[in-house]
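Asker: The structure's right below; bear with me while I get my questions together.
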Amino acid sequence: MDNQIIQAVPAVAKKVTTLCVLLKPDGQVERFADRPLEECLKLVEGECVAWIDYSTQDLAKDLDKVAATAGLSQLPVPKLLAGFFSAYEDADTELGITLPAVHVKDLDVIVRPLVILMKGNLIMTVHDEDMNRLMKFARYAPTFMKKIRVEVPVDKITMILERILEENNDRNFEYLREIEKHGDDISRRLIDEHLDKRVVAQEIYLMKHALITYLNVLWATKDVIDSLRYGDADLMTDDEKLLVRIGILSDNIDRHIELSEQMSNVLASGLEVMQSIYNNQLQTMNNRFALVTAYLTVLGTAALVPNTLATIAGSGYEIWGQSISDFWWYMPMLIVATIAATLLSLWWVLRVWHSRKDDDLVAR
């Protein structure tokens, strides 16, 4: 199956676990753990409202079997795991939702699916056994069930779904702080001039990739919540107050999307800072080469004039029966020519050098 959600995560051999929280018509709440799925489903009768949390070793392989055992025959189950991080399938009397569950470790963003199946008074969450995403809700689910016992069944199911969505979002939001911490470490390391900037550049790329994946998760979650809010599913309540609470979840996601985009802009600024550092280093190197070239120009020009005169003197011409090198003024002429050529070259180089500095100041 072409699954874009499930990514490679080391599997740990564990047994399948099931948690069932049952709200009876008389208001009593019962909690069952590590019971077979078939036994838990038999307890959901009449006006009972139940939440079943089911974990499996291979979600892609077992989801069809779990849905069939729960009596969901109208849902296109394969589509729940074929979407881009999320899915929303409404079959009137049945509802299937897939939400992304994020885990971040050293900028390695792992995305796993959390599947929610709904039918009648039953809401079931199915996930991989190594993703304990709903541990907090599992602890206080009986207390929560007691608080909603006076509501109508459809409102109860909607309130349970809202709590599951909220806890999944809260757990996803926690990892933004870890990404922010890595961003602060990268900013601190950028100050170190002796640090190899290629290493920092690679870290910035990894963090940028993690942010992009995290943003995709947030957008996928927002799409599902907006579908629940505006899709008018038969299993969802029409109570405006409850729909507003689901809308608040969407607003919270919007705020975290803005924070993530701001972090992305900060990373882009970091890349610009690195580029400026590289440009400054290259400019410094160019200035050094220009200085060396100036010195060589002075020395070369200074040696050119006396060298030319000496070449003429050594060409073998004679004046009044004597070589030109025999005249007393020959050596003083070479010395004076060398000094004059050196001073003239130095003056010209300094003039050009100051002219370049003035042009740089005007350009700035």
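Asker: Can you go through L228, L243 and tell me which one is touching a residue at least 12 places away in the same chain (Cβ under 8 Å), under 30 Å from D26 (Cα atoms) and in contact with a strand residue (DSSP E or B) (Cβ under 9 Å, 6 or more places away or on another chain)? Steps first, answer last, please.
Answerer: Values: L243 fails: in contact with a strand residue (DSSP E or B) (Cβ under 9 Å, 6 or more places away or on another chain).
Testing whether each residue is touching a residue at least 12 places away in the same chain (Cβ under 8 Å), under 30 Å from D26 (Cα atoms) and in contact with a strand residue (DSSP E or B) (Cβ under 9 Å, 6 or more places away or on another chain) leaves just L228.
Asker: On the given criteria, is E167 surrounded by 15 or more Cβ atoms within 10 Å (Cβ to Cβ), assigned to a loop (DSSP other than H, G, I, E, B) and charged (D, E, K, R)? Steps first, please.
Answerer: Values: surrounded by 15 or more Cβ atoms within 10 Å (Cβ to Cβ): yes; assigned to a loop (DSSP other than H, G, I, E, B): no; charged (D, E, K, R): yes.
Judged against the criteria, E167 is not a match.
Asker: Quick one: is I52 surrounded by 13 or more Cβ atoms within 10 Å (Cβ to Cβ), in contact with a helix residue (DSSP H, G or I) (Cβ under 8 Å, 6 or more places away or on another chain), at pLDDT below 85 and not charged (D, E, K, R)? Step through it out loud before you land on a result.
Answerer: On the way: surrounded by 13 or more Cβ atoms within 10 Å (Cβ to Cβ): yes; in contact with a helix residue (DSSP H, G or I) (Cβ under 8 Å, 6 or more places away or on another chain): yes; at pLDDT below 85: no; not charged (D, E, K, R): yes.
Judged against the criteria, I52 is not a match.
Asker: Could you pull out the residue among I248, I253 that is of a type in the set (V, I, T), closer than 17 Å to N216 by Cα and at pLDDT 80 or above? Steps first, answer last, please.
Answerer: On the way: I248 fails: closer than 17 Å to N216 by Cα.
Testing whether each residue is of a type in the set (V, I, T), closer than 17 Å to N216 by Cα and at pLDDT 80 or above leaves just I253.
Asker: Please specify each residue of the range 141-166 satisfying the condition of being without any contact (Cβ under 8 Å) to a residue 40 or more places away in the chain and closer than 26 Å to D223 by Cα.
Answerer: R163
Asker: Please tell me if C20 is in contact with a Cys (Cβ under 9 Å, 6 or more places away or on another chain), at pLDDT 90 or above and crowded, with 16+ Cβ neighbours inside 10 Å.
Answerer: Details: in contact with a Cys (Cβ under 9 Å, 6 or more places away or on another chain): yes; at pLDDT 90 or above: yes; crowded, with 16+ Cβ neighbours inside 10 Å: yes.
Yes: the conditions hold for C20.
The values are calculated or read from the model by the stated rules, or taken from the named source; none is laboratory data. Computed from a predicted structure; not experimentally measured. FYI the Cβ positions are ideal-geometry reconstructions off the backbone, even for glycines, and counts take in every protein chain you see.
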